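Each reported figure results from applying straightforward, stated rules to the coordinates on display, with no laboratory input. Source: prediction; values computed, not measured. Reconstructed Cβ throughout: ideal geometry from the backbone, glycine too, with neighbour counts over all protein chains shown.
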Amino acid sequence: MNLASIALGVLAAALFAAAAALQHRVTSTQRHQPADGWLPVLAVVPGLLRHRVWLAGFCCNVLGFVVHAAALHTGSISIVQALLSVQLLLALPLATARTGRLPAPRDWWGTLAVVAGLVTLVLARGSVPQTVRHGRVPLVLLTALLLVAALVVAVRGRLGRIARTAAIGVAAGIGFSTTAVLTVVVTDELARSGPTAVPRHWPLYALALSGLVAALLVQEAFRSGSLPTALTAMTVADPVCSWVRGAVLFDAAPPTSLTALSALTASGVAIAVGVATLAFSPTLAPAADLPTPMEQNANSR
């Protein structure tokens with residue numbers, strides 16, 4: 001894992017964090033809209049596309065995707081996707097500056113857990129050569145489609161608000177991981193065959209579709225509940241799926257030793273615990289859960 005890929009991964013995380021904050025401010029105001037259909041957010045998409053704050057978040061997402069693609073092309077998908085958990089660390093100084101409240105002890109413990117998990121992951125798998133096994137990509141995509149469909153069907157049941165947001169967040173995390181897989185495949189084809197060859201291969205169109213579905217799922221997660229719940233589900237599901245897919249599709253030498261498997265398991269647990277600790281931190285709660293002036297005006301009408 002080279003330093004350039006790590007730097008690009010952290011920059012992508014910062015851009016995605018800014019996009020999430022901006023878009024959640026707008027999309028969360030639609031919680032009280034009628035929740036008909038499989039993805040109720042589809043009914044409010046035209047309004048979102050006319051909102052300047054939401055569009056600013058969209059621009060951050062586009063720029064983040066470009067940086068993210070560069071990071072995936074130069075590094076390991078398992079590590080790059082795990083680096084996206086840094087977006088919660090970046091939210092801490094912003095919340096502190098806004099509220100004047102110093103980070104709580106749990107914030108430091110959560111930060112330490114995420115950093116320790118990322119360092120362990122980099123040391124455990126950072127130097128593994130990468131390859132692309134194109135023949136296995138369709139099976140991975142089919143598995144992702146079935147998982148996302150099952151989660152979307154599940155939220156149609158009698159789930160509570162938190163459970164529903166978490167389920168949609170997990171589906172969005174799977175969607176982001178799938179998009180990352182296809183990004184690796186497309187950029188590999190671009191590097192090998194040049195830009196004129198890429199439009200002739202189906203992964204490019206699958207990438208566009210996967211990105212659209214993931215974007216809709218994350219907006220639905222923002223619409224249905226709090227930012228901490230949505231971000232926790234997405235930030236945990238994405239690296240877990242990416243680690244599995246990276247080992248199956250891209251690692252030239254998948255981990256087999258007990259030491260490697262133990263290190264990877266420990267890193268995953270540390271990142272998940274740290275993300276959950278930070279996401280539900282009181283320090284971040286004002287940024288995520290308190291109504292914005294726009295929400296207050298909307299609720300007063």
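A few notes on this one:
- Ranking of 51, 24 by neighbouring Cβ atoms within 10 Å, starting from the fewest: 51, 24.
- Computed label-point distance, nm, for sites residue 262 and residue 244 using a 7 Å Cα→Cβ extension: 2.4 nm
- The slack in the chain from residue 201 to residue 146, taken as 0.36 nm per residue of separation less the alpha-carbon distance, amounts to 17.5 nm.
- For residue 45, the shell of other residues with beta-carbons less than 11 Å away shows a net charge of +1, using +1 for Lys and Arg and -1 for Asp and Glu.
- By the count of neighbouring beta-carbon atoms within 10 Å, fewest first, 101, 52 end up ordered 52, 101.
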